[in-house]
DNA sequence: GGAGAATACATCGGTTACGAGGTATACGTG
DNA sequence: CACGTATACCTCGTAACCGATGTATTCTCC
């Protein structure tokens, strides 16, 4: 997820680590902090894998910067990760939002639509958080107000997302002729 | 988060690992899988920390079971984790839902309300995913349909949760006299 | 000119996650 | 009686996470 965000931001423009961190923090930082001790090792991993290159520049404000640029392989890898996300990236909202944040980098509307359809299929599965045996329980059946909250919130999210997904898929189908 | 779920389920009744896994999978498995290779080491950690005890029972269906029971310290620890969740547990929806799933185990309505108020404070902060400099961008200002989706979905979630939070806080205040 | 904040990068060590693989029993079906 | 599936637990190795800590520069404000 972190790696996807790094690749996603660098796809637009080269950045140095510090600025990259600001951007990732703006995207997901309020939900999940971005410790430098997670970011810098991740950058190293991607560099080692040949997905990005670094160039040292004299710092314009402070210490020297390492400007990070995606290699051609890195650009391919981002598109690959966006076109074929792991199942976790589809089901986990945190990860899914990261995919969505960069999905525009896939140039083919049909490829974009295919990804949205995977999320649609996931949301359309009858899944709950609480069961009576095999039968999913509805919010109204729960005595516990906190568990009722979970279902209420999840249902509102799901509804909004389904509406958006169907609308967006329709307009992608128009674009993709 | 996994540890919280283990403690939470065992708080109600002793369970063996396999059944515990089923329960956790029902709660969060559709979003995030629960590999056995994560669960069993987690059980061991909690056992080593003195939070739970295991008793071997002849398996009623197959191999022998390890029935897990919370110790008194384990029960205290669950209540402590519920009463004083880490900030991550408040901001990350996955973690937050796990807290909510077991919040009823806090017996004091005022303690429950205090936790909900932390979430309320987080949701009331003006936070976005996308910025123009320092100014948060609204969904309507985004050209990218996918990023617009993120904001649309997040806004729907936030609205539903705020309504639920305020209602629930009001009724907790009644209960808590 | 001293303090504090922001910029900029990095390592270390402990913890957690998890895919791949292994072991064994019991039950139903053909 | 072989095969598949469900039950039930486990280890190993690699990767990833992240708090604490360290280093150095520049800018602002008093």
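Details
- Within segment A:29-49, the residues that satisfy the criterion of being in contact with a helix residue (DSSP H, G or I) (Cβ under 7 Å, 6 or more places away or on another chain), more than 10 Å from DNA strand D (Cβ to nearest atom) and within 19 Å of residue B:131 (Cβ to Cβ) are A:30, A:31.
- Residues that are more than 14 Å from every other protein chain (Cβ to nearest Cβ) and either in contact (Cβ under 8 Å) with a residue 60 or more places away in the chain or over 21 Å from the mean Cα position of the chain (by Cα) (or both) within segment A:19-48 comprise just one, A:48.
- Flag for residue A:58 being more than 12 Å from DNA strand D (Cβ to nearest atom) and away from chain B (no Cβ under 14 Å): no
- Matching residues in segment A:76-92 - criterion: being within 12 Å of chain B (Cβ to nearest Cβ), free of Cβ contacts under 8 Å to residues at least 12 places away in the same chain and in a helix (DSSP H, G or I): A:87, A:88
- Residues that are assigned to a helix (DSSP H, G or I), under 17 Å from residue A:82 (Cβ atoms) and within 11 Å of DNA strand D (Cβ to nearest atom), drawn from segment A:1-23: A:2, A:3, A:4, A:5, A:6
- One residue from A:97, A:122, A:102, A:129 being facing chain B (nearest Cβ under 7 Å) and assigned to a helix (DSSP H, G or I): A:97
- Qualifying residue in segment B:63-72 (condition: in contact (Cβ under 8 Å) with a residue 40 or more places away in the chain and more than 23 Å from residue B:12 (Cα to Cα)): no
Values quoted throughout were computed directly from the atomic coordinates according to the rules given, and no laboratory measurement underlies them. Bear in mind the structure is a predicted one, so any value in this text is a computation, not a measurement. Counting neighbours? That spans all protein chains shown, and the Cβs are built from the backbone with ideal geometry, glycine included.
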